[in-house]
Amino acid sequence: MQANPLFYLFKKINWPTLLIIVAVIISSLGSITGLIVPAFTGKLVDNFSFESMNWNFIILFIGVFLLNAILSGIGLYLLSKIGEKIIYAIRSLLWQHIIHLKMPFFDQNESGQLMSRLTDDTKVINEFISQKLPNLLPSAITIIGSFIMLFIMDWKMTLLTFITIPIFVIIMIPLGKVMQNVSKKTQAEIANFSGLLGRVLTEMRLVKVSNTENAELDNAHRNLNRIYGLGLKQAKITAIIQPLSGLIMLLTIAIILGFGALRISSGAISAGTLIAMIFYVVQLSSPLVNLSTLVTDYKKAVGASARIHEIMQEPLEVMEDSTVNIIQGSTLHFNHVDFKYDVKPILNDVNFEIPAGKVTAFVGPSGSGKSTIFNIIERMYDIDAGSVTYGNASIYDMPLAEWRNKIGYVMQSNAMMNGTIKDNMLYGINREVSDEELVQYAKLANCDDFIMNLEQGYDTLVGERGVKLSGGQRQRIDIARSFVKNPDILLLDEATANLDSESERKIQEALEELMINRTTVVIAHRLSTIRKADQIVFIDQGRVTGIGSHESLIQSHEKYQQFVTTQNLNNN
């Protein structure tokens, strides 16, 4: 792991160089004019007289004061703008990376946790970059400049002010390390809480049916208590730092006043010089507090960026173009394919071919590896051994986006995005589709009738995960999307057993229309589908144990006979 995950992120983004240069110049000029104000104040006190008022000096003093305010304001705005640009770049970089990660990453990480990384972790970094970091340069100039002016005015008295600084540094270093550890733990707990919320909210029906509201509340309370405890630790550190900063400032002013009075009485300095020195010390208070909290906020930002850095190290799907051309209408071959999920073997020496333009049905017990084969065809997972070829080329050598554009997948889950029916039918379609064409495809999928009966027709909102529609309606819209996509290879995870007979009939009609002249791969549950297949592949415990027609397998494959009987497929 990198020594500093925050700097790793900084190296990954493009910095607004010109804006930084302009902001640094303006904020530097603002800080420099701020250093002139106390000196002018001291001179004004020493030379003040009602009888001989120097109006030119007073006008100059007011002008410098206003110029300082204007330059400081513009400089701070520009520096804050830089901070916002940087955090925008970090969030864009992280989201771009996450959305291109391989599927196993999403299998192992809750969506709520990933959302927390994108929002909560980057919020901590944002607070440091857009609020604390912009004050660094103006604060540094003010501190350095103020000490130079103090040395010029009276170096003996200035040296006394350094007594308190080593004490402050000795306390700050260990507190900063503690703050970094606490911040890292806090962000992890917030991510866990977000993960819990995401899991419960997406499965709220299961929670209510199972009467597990109280159990989930207890889980949340335990999580929130840990966040509360860590928040108190951060509050304790802050409660030490801020009063300590104020106490050191008061002690410094007290030293200057006490020793300054002696210096005035001895004639070493004037009253105006003492007032100017007090101004400079007071002017130091805000930058010193900023720098003191900057250290702790920096540690918090480093802690928050640690998990982001881990995500950024995850391997991406390779999307770039390939020299391999995809030849339409080729045969898909699985050659001695092995695949395991983590350490659990799923497929073992799997061999079969899926002929172009034909229907191939996969049959077998639950958990035998049928859905895994679909995931491999879609390149959601990389195989461990063997090869998967389309024509004469490996599918892993083909451009990923182009390969997936050739595949249509009607899923068991009927995945839908929160939006309108039209949005879902056109989701992922990279061409212009007219309303007339859309209606035509909807009719082919047997879903135009129910859509037109809805109050807003194709503009009806489906709700999260399509919750406002029935299972059969969702599946028909999924089929309509495949009609619009017009894929070369069609994957059908046939799951109509839980639908009423009318919905099932309409879906079967739509599927039969969709399968015409396409290479179709079906996870089959119905005898009618299996009988119509040109080829049946029986999968058992990750191995292919039989390939052939329904008639040949029913004669030669004992487990296939048992499967047909136990699944009651003859009654469908």
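FYI, it's all coordinate maths here, none of it is from the lab. Everything numeric in this text was worked out from a predicted model, so none of it was measured. For neighbour counting, all protein chains shown are included, and Cβ atoms are generated from backbone atoms with ideal geometry for every residue, glycine included.
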(Q) Among the listed pairs 185/340; 344/532; 177/236; 102/184; 11/132; 123/299, which have their C-alpha atoms separated by more than 23 angstrom in this model? (A) 185/340; 344/532; 102/184
Q. Any idea what the relative contact order of region 325-390 is, in percent, if you count C-alpha pairs under 8 Å spaced at least 6 apart?
A. 45 percent
**Q.** Furthest towards positive pole of dipole, 232, 415, 399, structure part the chain, Cβ charges
**A.** 232
Q | Ellipsoid equivalent to region 83-128 - semi-axes via the Cα gyration tensor, in Å | A | 22, 12, 5
**Q.** Dipole magnitude (debye, nearest 20) for region 396-447, charges at Cβ of Lys, Arg, Asp, Glu
**A.** 180 debye
Q. If you line up the long axis of helix 136-153 against the longest principal axis of the chain, both from Cα atoms, how many degrees apart are they, to the nearest 10?
A. 10 degrees
Q. Say the dipole of the chain comes from +1 at the beta carbon of Lys and Arg and -1 at that of Asp and Glu; which of 470, 360, 4 then lies farthest toward its positive end?
A. 4
**Q.** Separation in nanometres of the label points that stand 7 Å from Cα toward Cβ, at residue 224 and residue 270
**A.** 6.4 nm
Q: Calculate, in nm to one decimal, what residue 486 and residue 95 gain on full extension: separation in residues at 0.36 nm each, minus their alpha carbon distance.
A: 137.8 nm
**Q.** Cα pair distances exceeding 18 angstrom across region 183-250, given as percent
**A.** 54 percent
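For an R0 of 60 angstrom, estimate the FRET efficiency from the Cβ-Cβ distance between residue 22 and residue 217 and round to the nearest 0.05.
After rounding, the FRET efficiency stands at 0.70.
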Q) Ranked by Cβ crowding within 10 angstrom, fewest neighbours first, how are 172, 204 ordered? A) 204, 172
Q. So how far apart, in nm, are the two label points at residue 201 and residue 541 if each is 7 Å from Cα heading toward Cβ?
A. 4.4 nm
Q) Between region 401-443 and region 505-546, what is the C-alpha centre distance in whole Å? A) 22 Å
(Q) Going 7 Å from the Cα of residue 411 along its beta-carbon direction, which residues of region 109-128 have the amide nitrogen within less than 15 Å of the resulting point? (A) 111
(Q) So if each residue of separation counts as 0.36 nm, and I subtract the Cα-Cα distance between residue 527 and residue 433, what length gain in nm does that give? (A) 30.2 nm
Q) Label points 7 Å out from Cα along the Cβ direction at residue 255 and residue 459: separation in nm? A) 7.2 nm
Q: Set the Förster distance to 41 Å, then compute FRET efficiency between residue 238 and residue 317 from the Cβ-Cβ distance, nearest 0.05.
A: 0.45
Q | the chain: radius of gyration over Cα atoms, expressed as a fraction of 2.2 N^0.38 Å | A | 1.43
Q.
Between residue 131 and residue 366, how high is the FRET efficiency from 1/(1 + (r/R0)^6) when r is the Cβ-Cβ distance and R₀ = 45 Å? Nearest 0.05.
A. 0.25
Q. Put +1 on the Cβ of every Lys and Arg and -1 on every Asp and Glu Cβ in the chain; which of 529, 104, 442 then has its Cα farthest towards the positive end of the dipole?
A. 104
Q. Over the chain, what is the relative contact order in whole percent, taking alpha-carbon pairs under 8 Å and six or more residues apart?
A. 15 percent
Q) Relative contact order for region 194-349: what is it in percent, counting Cα pairs under 8 Å that are at least 6 residues apart? A) 13 percent
Q. Stretched out fully, how many nm does the piece from residue 119 to residue 15 gain, at 0.36 nm a residue minus the Cα gap?
A. 35.3 nm
Q. Arranged from highest to lowest average of other beta-carbon atoms within 10 Å per residue, in what order do the peptides 441-450, 11-20, 252-261, 424-433 appear?
A. 441-450, 252-261, 424-433, 11-20
Q) Can you tell me the Rg and the Dmax, both Å, for the Cα atoms in region 283-367? A) 27.1, 82
Q: Determine the distance separating the Cα centre of region 264-309 from the Cα centre of region 116-158; give it in Å without decimals.
A: 8 Å
Q) Could you put 396, 341, 280 in order, starting from the residue whose Cβ has the fewest other Cβ atoms within 10 Å? A) 341, 396, 280
